[in-house]
């Protein structure tokens, strides 16, 4: 599965590097240290594209307007990605006055802790 996830992981990690450069750097450093400590993992960790220390999967087709109060804080960004689903799905941010298509592969980085948002 890893070869199929390289481009996706690289894009998500690049977005993390832009939105949270310190977290990205610390995570990459951790992967390097892990490879040094466990040489058997070095081959995989050299190509490991994901610079994340946490991942939550939400599986639903729509969500009512809400804030993710358990996610981050006032200054952190959340990365949301849609995988699969219909081309007619939309994401809406009422407080920002924005809505857009939320097709498979779409990435959205915002403070979901602060911003009201929904998917339909």
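The values are calculated or read from the model by the stated rules, or taken from the named source; none is laboratory data. From a predicted model like this one, the values you see are computed outputs, not experimental measurements. Note that we place each Cβ from the backbone using ideal geometry, even for glycine, and neighbour counts take in every protein chain shown.
Odds and ends about this structure:
- Note on the range 15-25: residues that are touching a helix residue (DSSP H, G or I) at 6+ places or on another chain (Cβ under 6 Å) and exposed (fewer than 14 other Cβ atoms within 10 Å of the Cβ) amount to 0.
- Any chance residue 35 is modelled with pLDDT of 85 or more, closer than 20 Å to residue 5 by Cβ and either in the same structural domain as residue 21 (by TED's automatic domain parsing) or within 17 Å of the chain's Cα centre (by Cα) (or both): yes
Residue by residue, here is whether (1) touching a helix residue (DSSP H, G or I) at 6+ places or on another chain (Cβ under 6 Å); (2) surrounded by 13 or more Cβ atoms within 10 Å (Cβ to Cβ); (3) not in a helix (DSSP H, G or I) holds:
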position	(1), (2), (3)
7	no, no, no
12	no, yes, no
27	no, yes, no
33	no, no, no
40	no, no, no
49	yes, yes, yes
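- Scope the range 72-106; condition loosely packed, with under 14 Cβ neighbours inside 10 Å and under 19 Å from residue 19 (Cα atoms); matching residues: 73, 74, 75, 96, 105
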